[in-house]
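*Asks:* Structure below; questions to follow.
The values are calculated or read from the model by the stated rules, or taken from the named source; none is laboratory data. Here the structure is a predicted model, which means the values were calculated and not measured. With ideal geometry, Cβ positions are generated from the backbone for all residues, glycine too; neighbour counts draw on all protein chains shown.
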Amino acid sequence: MKDDRLSQFRDAHSDRSTAEQVPDTAQTRAPAYRLAFADPDFMCRDELRPVRLQLELLKPEMILNERGIESTVVLFGGARIPEPANRASARTKTLADLSHYYDEARKFARLITEKSMASYGREYVVATGGGPGVMEAGNRGAADAGGSSIGLNIVLPHEQAPNEYVTPGLCFNFHYFAIRKMHFLMRAKAICVFPGGFGTLDEMFEALTLIQTDRMNKVPFLLFGEKFWRSIINWEALSEAGTISAEDLELFRFVETAEQAIEAIDTWPAT
């Protein structure tokens, strides 16, 4: 097999393989003897946190670069919103009533993925948190269109496996929320937020804050479900109190349907 590496030095894979075949002695069994990069216990030490942060930033970035993915469309939304066919299993009547947003998320993801495929899957690639509910709908819609989609999962005590519609080669798992959030936004060409809970609110306000403070470029920022969002956040009260500027209310738009979202993205002001 051709060696495409630029370095003339022996590669890490070879040394790791060689180290696994050394004689079994008291010295080779000692933790101190293990290669540092192949020692899970060492890599999980508190002092190695900066290294782990860097690795979580690098691994998805390298894979996305290798796949040629240049931009994404991010879907945030509640894990507890069921598919309409399963609305009877919803924990509350409100969640059951919100189930139609599963279909809107799925339809939107299908439409935006069809747009993505015009650029050979490099632009406008759907990215979700990789879980159930709205996230599943987003990845499912991309699969409906025959395209790829990204899932940015995170290890939680009660977390499930990634939903089955995430493209396997683009399914990532994180330990650090902060690095996961960076990957959501680093390539984002549009952000769509569906009804959700603490996690959705956290992701939404993090992104709005970055845009408001010019730490991130302005992108189409769409909130699905005006009635829901106005019922839980008094946006105008924030402006009237002076805690945000009146212009900040123009950072986002409300939409109800997938078609409205596509139109909003296509007509979003450039400035």
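*Asks:* Assess whether Leu55 counts as being under 30 Å from Met43 (Cβ atoms), without any contact (Cβ under 8 Å) to a residue 12 or more places away in the chain and not polar (S, T, N, Q). Full working, then the answer.
*Replies:* Numbers: under 30 Å from Met43 (Cβ atoms): yes; without any contact (Cβ under 8 Å) to a residue 12 or more places away in the chain: yes; not polar (S, T, N, Q): yes.
Answer is yes for this residue.
*Asks:* For a quick check of your reading of the model, give me the residue pairs whose first member lies in the range 213-225 and is of a type in the set (Gly, Ala, Ser) and surrounded by 17 or more Cβ atoms within 10 Å (Cβ to Cβ), whose second is at pLDDT 95 or above and not in a loop (DSSP other than H, G, I, E, B), with beta-carbon atoms closer than 8 Å and at least 6 apart or on different chains.
*Replies:* Hits for this filter: Gly225/Tyr101; Gly225/Phe254.
*Asks:* Looking at Met43, Met62, can you tell me which residue is hydrophobic (A, V, I, L, M, F, W, C) and under 22 Å from the mean Cα position of the chain (by Cα)? Full working, then the answer.
*Replies:* Values: Met43 fails: under 22 Å from the mean Cα position of the chain (by Cα).
The conditions single out Met62.
*Asks:* Right, something else. Among residues belonging to the range 19-77 that are of a type in the set (S, T, N, Q) and exposed (fewer than 13 other Cβ atoms within 10 Å of the Cβ), point out the one that is nearest to Gly225 (Cα to Cα). Before you say what the answer is, go through the steps one by one.
*Replies:* Filtering the range 19-77 for residues of a type in the set (S, T, N, Q) gives 21, 25, 27-28, 54, 65, 71-72.
Checking which are exposed (fewer than 13 other Cβ atoms within 10 Å of the Cβ) leaves us with 21, 25, 27-28, 54, 65.
Numbers: Gln21: 59, Thr25: 65, Gln27: 63, Thr28: 61, Gln54: 37, Asn65: 34 Å.
So the residue we want is Asn65.
*Asks:* For the subset of the range 142-164 comprising residues that are in contact with a Ser or Thr (Cβ under 7 Å, 6 or more places away or on another chain) and surrounded by 22 or more Cβ atoms within 10 Å (Cβ to Cβ), which member is farthest from Leu210 (Cα to Cα)?
*Replies:* Ala142
*Asks:* Name every residue in the range 78-110 that is farther than 24 Å from Ser231 by Cα, surrounded by fewer than 19 Cβ atoms within 10 Å (Cβ to Cβ) and touching a residue at least 40 places away in the same chain (Cβ under 8 Å), in order of residue number.
*Replies:* Lys107
*Asks:* Please go through the range 186-207 and pick out each residue that is in a helix (DSSP H, G or I) and crowded, with 19+ Cβ neighbours inside 10 Å.
*Replies:* Taking the range 186-207 first, the residues in a helix (DSSP H, G or I) are 186, 198-207.
Correct list: Thr200, Glu203, Met204, Ala207.
*Asks:* Something else: Can you tell me how many residues within the range 238-271 are part of a helix (DSSP H, G or I), of a type outside the set (Gly, Ala, Ser) and in contact with a strand residue (DSSP E or B) (Cβ under 7 Å, 6 or more places away or on another chain)?
*Replies:* Pass one, the range 238-271, residues part of a helix (DSSP H, G or I): 238-241, 246-250, 258-266.
Those still in the list that are of a type outside the set (Gly, Ala, Ser) too: 238, 240, 247-250, 259-260, 262-263, 265-266.
After this cut, where a residue has to be in contact with a strand residue (DSSP E or B) (Cβ under 7 Å, 6 or more places away or on another chain) as well, the list is 265.
Total meeting the criteria: 1.
*Asks:* Here's a check for you: in the range 116-137, which residue that is surrounded by fewer than 24 Cβ atoms within 10 Å (Cβ to Cβ) and over 16 Å from Arg187 (Cα atoms) is modelled with the highest pLDDT?
*Replies:* Checking each candidate, the answer is Pro132.
*Asks:* Looking at (1) without any contact (Cβ under 8 Å) to a residue 40 or more places away in the chain; (2) more than 25 Å from Gly131 (Cα to Cα); (3) surrounded by 15 or more Cβ atoms within 10 Å (Cβ to Cβ), which is the one condition that is false for Phe254?
*Replies:* If we test Phe254 against (1) without any contact (Cβ under 8 Å) to a residue 40 or more places away in the chain; (2) more than 25 Å from Gly131 (Cα to Cα); (3) surrounded by 15 or more Cβ atoms within 10 Å (Cβ to Cβ), just (2) comes out false.
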